[in-house]
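Rule-based calculations on the coordinates, nothing more; no lab input. Just so you know, these numbers come straight off a predicted model, no measurement behind them. When we count neighbours, we look across all protein chains shown, and the Cβ atoms used for this are built from the backbone with ideal geometry, even at glycine.
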Amino acid sequence: LNADCYISGNTEQCYCRPGTTGDPYTVCNQPPRTACWPNPCGPLAVCTVTPNGHSMCLCPDGIAGDPTTGCGGPQCVTDDDCPNTQACVGHRCIDPCPGSCGFGASCRVEKHHPICTCNHGFIGNPLCRCFLILGLEGASRN
């Protein structure tokens with residue numbers, strides 16, 4: 001049966017034992033074996049079956065660790081937990097540049113922070129918008 005039952009008041013309560021599924025009042029069976037059952041991954045890791053039928057263990061986004069032995073805490077808590085070219089956002093080390101600069105500007109990362117500068121031939125606020133400098137050659141000839 002693979003179930004455990006007990007009496008609570010006048011009612012019988014039955015539960016399938018760990019590692020089994022089914023109706024605890026009739027029969028509980030072990031699910032068919034797959035690459036992810038029994039789970040080969042460590043605690044908090046997610047197991048997926050690859051197209052070739054093998055298991056692949058991954059730590060969830062923002063969680064650090066070795067998925068085969070166990071995923072632990074966040075990937076980062078402060079910027080100092082990340083390489084200088086990345087910033088800690090939502091407990092993940094990411095490139096801080098995407099979406100940081102305005103039109104016509106370029107981004108580079110220095111000590112975890114995005115630095116925006118107007119591209120060559122442009123002027124303006126690199127965080128908002130850089131405008132093409134018009135008539136620069138004509139002005140230098142006068």
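Charging the Cβ of each Asp and Glu at -1 and of each Lys and Arg at +1, and nothing else, the dipole of region 38-116 about its Cα centre rounds to 140 debye.
Normalised size of region 84-136, defined as Cα radius of gyration per 2.2 N^0.38 Å with N residues, equals 1.30. When you filter the chymotrypsin sites (Phe, Trp or Tyr not before Pro) in region 1-106 for DSSP loop state and at most 15 other Cβ atoms inside 10 Å of their Cβ, you are left with Y25.
Only helices enter the 222 nm calculation for the chain: every DSSP H run of n ≥ 4 contributes -39,500 (n - 2.57), and dividing by all residues gives -1000 deg cm²/dmol, rounded to 500.
Using the Cα centre as the reference, give the magnitude of the dipole from point charges on the C-beta atoms of the chain (Lys, Arg: +1; Asp, Glu: -1; all else neutral), rounded to the nearest 20 debye.
Details: 7 positive and 11 negative charges, 95 e Å.
The calculated dipole for the chain is roughly 460 debye.
Here the ratio of the Cα radius of gyration of the chain to 2.2 N^0.38 Å is 1.98.
Apply the Kirkwood formula to region 11-78: the hydrodynamic radius equals the inverse of the mean of 1/r over all pairs of different alpha-carbon atoms; give it in Å with one decimal. Write out the running numbers ahead of the final one.
Values: mean 1/r = 0.0708 Å⁻¹.
Final number for the Kirkwood radius of region 11-78 is 14.1 Å.
Take every DSSP beta bridge whose two residues both sit in region 84-136, then give the antiparallel share in percent to the nearest 5. Taking every DSSP beta bridge within region 84-136, about 95 percent pair in antiparallel fashion. Rounded to a whole number of µm²/s, how large is the Stokes-Einstein D of region 35-74 at 37 °C and 0.692 mPa s, given Rh as the Kirkwood radius over C-alpha pairs? Translational diffusion coefficient: 330 µm²/s. Think of region 7-130 as having a plus end and a minus end, set by charges on the Cβ of Lys, Arg, Asp and Glu; of I63, T26, N84, N84 sits farthest toward the positive end of this dipole.
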